[in-house]
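Visitor: Mind having a look at this structure? Questions to follow.
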Amino acid sequence: MSPQFGARLVVAITPGDVGQRVTVRRVDTGGFRDAVGVLESWTGGVLILRKRDGTTVEIAENSMVAAKIVASPPRASSTGG
């Protein structure tokens, strides 16, 4: 018998996490989609994330299958060498 490996999908964010950088996996037509950004709002069952390019993504709360807070991206080094 071979072992089975599977991911455990957990939604570990709440409306109290507004202002945090998060990653969200959601069900979409044809599969899953991921979004990473700052959680700007979570009202009326809709999350709004602002991505690093400044665009926003609206995500229906009931489409989330996994989500968590993530660290800020590292800052670019300013050493000119």
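None of the figures in this text is laboratory data; all of them are computed from the coordinates on show. This is a predicted model, so every value here is computed, not measured. Heads up, the Cβs are rebuilt from the backbone with ideal geometry, glycines too, and the neighbour counts pull from every protein chain shown.
Visitor: Suppose a student asked you for the relative contact order of segment 15-69, using Cα pairs under 8 Å spaced at least 6 residues apart; what percent would you report?
Guide: 36 percent
Visitor: While we're looking at this one, here's another question. Ranked by Cβ crowding within 10 angstrom, fewest neighbours first, how are 43, 29, 56 ordered?
Guide: Details: 43 10, 29 5, 56 13.
So the ranking, lowest neighbour count to highest, is 29, 43, 56.
Visitor: May I ask you to derive the FRET efficiency for residue 29 and residue 53 from their Cβ-Cβ distance with R0 = 25 Å, giving the value to the nearest 0.05?
Guide: Details: r = 23 Å, r/R0 = 0.92.
With a Förster radius of 25 Å, E is 0.60.
Visitor: Right, next: Does segment 1-80 classify as rounded, prolate or oblate by the C-alpha gyration tensor (a ≥ b ≥ c root eigenvalues; a/c under 1.5 gives rounded; else a/b over b/c gives prolate, otherwise oblate)? Mind showing how you got there, number by number?
Guide: Values: a/c = 2.02, a/b = 1.24, b/c = 1.63.
Oblate, since a/c reaches 1.5 and b/c is not below a/b.
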